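All remarks here apply to the structure that follows.
The values are calculated or read from the model by the stated rules, or taken from the named source; none is laboratory data. Source: prediction; values computed, not measured. Virtual Cβ from ideal backbone geometry, glycine too; neighbours counted across all protein chains shown. Side chains included, ligands, DNA and RNA excluded: accessible areas come from the protein's heavy atoms. Shrake-Rupley method; radii C 1.70, N 1.55, O 1.52, S 1.80 Å.
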Amino acid sequence: MGKSQRTGPPPDTQLRQQRFGTCFPLLLPSRVVALLLGFGIVFVVIGVVLIVGAASVFEVEVRYDERCCKAFCDEPERRQDYNPCYLNFTVDEDVDPTVYLYYKLESFYANHRQFVRSRDDGQLYGTKDLLPNLLDCEYDRNFAVEGIEKTSFGTYRVGGQYNVLSNVISPCGLIAKAWFNDSFEILRGDEVVALDETEISWKTDRVLKFENSGDGSTGNNFPPFRPWKEAPCSVLRNDSEVERCTDAQREAFEGWCKQLDDKDVRDACAASEPSEWRQWSNASVQGERFPSLPGLCYPGSGYCNEDEHFVVWMRTAVLPTARTLYGKMHQKLEQGEYTLKVWSGRTSNVTHGLPSPSEPIDSSLFPVHQFGGKKSVVLGTVSGIDGGDNRTLGAVYLSAGIAFVVMALAFCAKHVAHPRRAQLLMHADSYLPRRPFAHERTRERV
């Protein structure tokens, strides 16, 4: 074996020999006072700018949970609401676009751990063939319609004959089931103010996290999606959308046909026309008598899992009082009297842009009285500095700046009244112990 060779000492440089000098800043009274005063002035200026920016934000809030009550307002189980409900409010000044419309919930603890975790991300993303026993909707025992049973481990599962797509609740979970279902319109006289309800959610959520399933299971047994699920393709706006919808129905049906056992039956099933699909209800795939047809809940439709109001709701708020963006008004909001129209069951209109219902709907508004909550609609603009009407950050900066200025004045007064000897301060470094350099320690050992 060869002997290991010993290397020589590191190069004789300041860095390799660690002979860099040390710096001990001298906190002279004049320097401390100047530093505190400088920080104080900067913080005060920032605070004033933030407060002025927040003060320039327009905002009007209309609380409607109490004003929309029709009967039994103090009895949560019997309460009845006006549905639709009309409330008048005043805009005191002309407001330049863009004006944002939010709904505000108070005392709604969406940050509760069990609530936040109760969702199945694979189902929301549109993963195919997610049978009930493959779901992961924690804290939601009702993830299927029938056959749910408790196991010896304390979990819940679905019996074999019920473990089919037609039995699944999609989407499942407490967040989806608590979806905020109030809808809003702003009217001036008989004219409806145009409200843009697109691009209100995060783009990453729309693109990466929420999509309808290609097997047609999205919306199964989920009441808020039922109008979309049961709507025919003919209700869509143009021919290209109708064609995409029709192709999606056929894809879901053919996917079900491919699972049939007999080849001839499979081929005949896949070749059948939509008007003939119901005749295959006697066939069975893993106990499922008929495929889950998507309706308008097909990939890329913009409905169901892809509805932006649903996407926004699924991103839960951190605090119990929070605003959620509902829409944007890109035109000037002129001074005057306006009417807020509130109704529940937004999905009663299967396509965006149809007139909102003018007759009472057989459902109540989103309930908050059961847990002592409040509901409001907020119209407002944003500043280019810190967003909405939030003066807290400006107040913090202003308070810190004033504190720095006060400390600077206090130090200055103390120094004038009882000055310290400058000679001791200038030679303070001579009293500080210094660690020997490496070459000095070597000499000492020799």
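Report in % the part of the accessible area of the stretch 231-276 that belongs to carbon and sulfur, leaving out ligands and nucleic acids; probe 1.4 Å.
Values: 1330 of 2870 Å².
About 46 percent, which is the carbon plus sulfur part of the accessible surface.
Quick test of the membrane-span-like rule: which DSSP H helices of the chain reach at least 24 Å along their long axis (C-alpha atoms) with mean Kyte hydropathy at least -0.5?
29-55, 392-417
Length gain on complete extension for the stretch Glu66 to Gln18, per 0.36 nm per residue less the alpha carbon to alpha carbon distance? Numbers along the way, then the final one.
Values: separation 48, 0.36 × 48 = 17.28 nm, distance 7.35 nm.
Extending this stretch completely gives an extra 9.9 nm.
Report the gain in length on full extension from Ser281 to Val406: 0.36 nm times residue separation, minus Cα-Cα distance, nm rounded to one decimal.
Taking Ser281 through Val406 to full extension adds about 36.8 nm, to one decimal.
Using a 1.4 Å probe and ignoring any ligands, DNA or RNA, find the accessible area of Val49 and quote it in Å² to the nearest 10.
Accessible area of Val49: about 70 Å².
Taking just the C-alpha trace of the stretch 252-342, give me its Rg and Dmax in Å.
Over the stretch 252-342's Cα set, Rg and Dmax evaluate to 22.8, 70 Å.
Considering only protein heavy atoms, what is the solvent-accessible area of Ile186 at a probe of 1.4 Å, reported in Å² to the nearest 10?
10
Give me the 1.4 Å probe accessible area per residue for the chain, excluding ligands and nucleic acids, in Å².
Values: 26390 Å² over 446 residues.
For the chain, the solvent-accessible area averages 59 Å² per residue.
From the gyration tensor of the Cα coordinates in the stretch 196-315, what semi-axes in whole Å does the equivalent ellipsoid have, largest first, with each one equal to sqrt(5λ)? Numbers along the way, then the final one.
Working: eigenvalues 173, 45, 29 Å².
Each semi-axis is √(5λ); the values are 29, 15, 12 Å.
Taking a threshold of 25 Å on the Cα-Cα distance, which of the pairs Lys70/Lys341; Lys70/Lys328; Lys177/Lys332 fall above it?
Working: Lys70/Lys341 15 Å; Lys70/Lys328 30 Å; Lys177/Lys332 36 Å.
Distance filter (> 25 Å) returns Lys70/Lys328; Lys177/Lys332.
How long are the semi-axes of the equivalent ellipsoid of the chain, defined as square roots of 5 times the Cα gyration tensor eigenvalues? Whole Å, largest first.
Numbers: eigenvalues 742, 299, 86 Å².
Semi-axes from the Cα gyration tensor: 61, 39, 21 Å.
How big is the Cα convex hull of the stretch 103-232 in projection, averaged over all directions, in nm²?
On the way: hull surface 43.8 nm².
The orientation-averaged projected area of the Cα hull of the stretch 103-232 comes to 11.0 nm².
Over the heavy atoms of Leu319, what accessible area does a 1.4 Å probe trace out, to the nearest 10 Å²?
Surface open to solvent at Leu319 totals about 110 Å².
What does the convex hull of the alpha-carbon atoms of the stretch 12-167 project to on average, in nm²? Can you show the working numbers first?
Working: hull surface 104.5 nm².
So the mean shadow area of the Cα hull is 26.1 nm².
Mind checking Rg over Rh on the stretch 9-49, alpha carbons, Kirkwood formula for Rh?
Numbers: Rg = 19.7 Å, Rh = 13.8 Å.
Value, to two decimals: 1.43.
For the chain, give me every cysteine whose Cβ has no other Cys Cβ within less than 4.7 Å, ordered by residue number.
Cys23, Cys412
In a GNM of the chain with a 10 Å cut-off on Cα contacts, which of Ser376, Ser56, Ser301 has the highest mean-square fluctuation?
Its mean-square fluctuation being the largest, the pick is Ser56.
Computed over the Cα atoms, what is the radius of gyration of the stretch 231-276 divided by 2.2 N^0.38 Å, N being its residue count?
Values: Rg = 12.6 Å, N = 46, 2.2 N^0.38 = 9.4 Å.
Dividing the Cα Rg of the stretch 231-276 by 2.2 N^0.38 Å gives 1.34.
What do you get for Rg/Rh of the stretch 41-84 when both radii come from the Cα atoms and Rh is the Kirkwood radius?
Details: Rg = 20.9 Å, Rh = 14.1 Å.
For the stretch 41-84, the value is 1.48.
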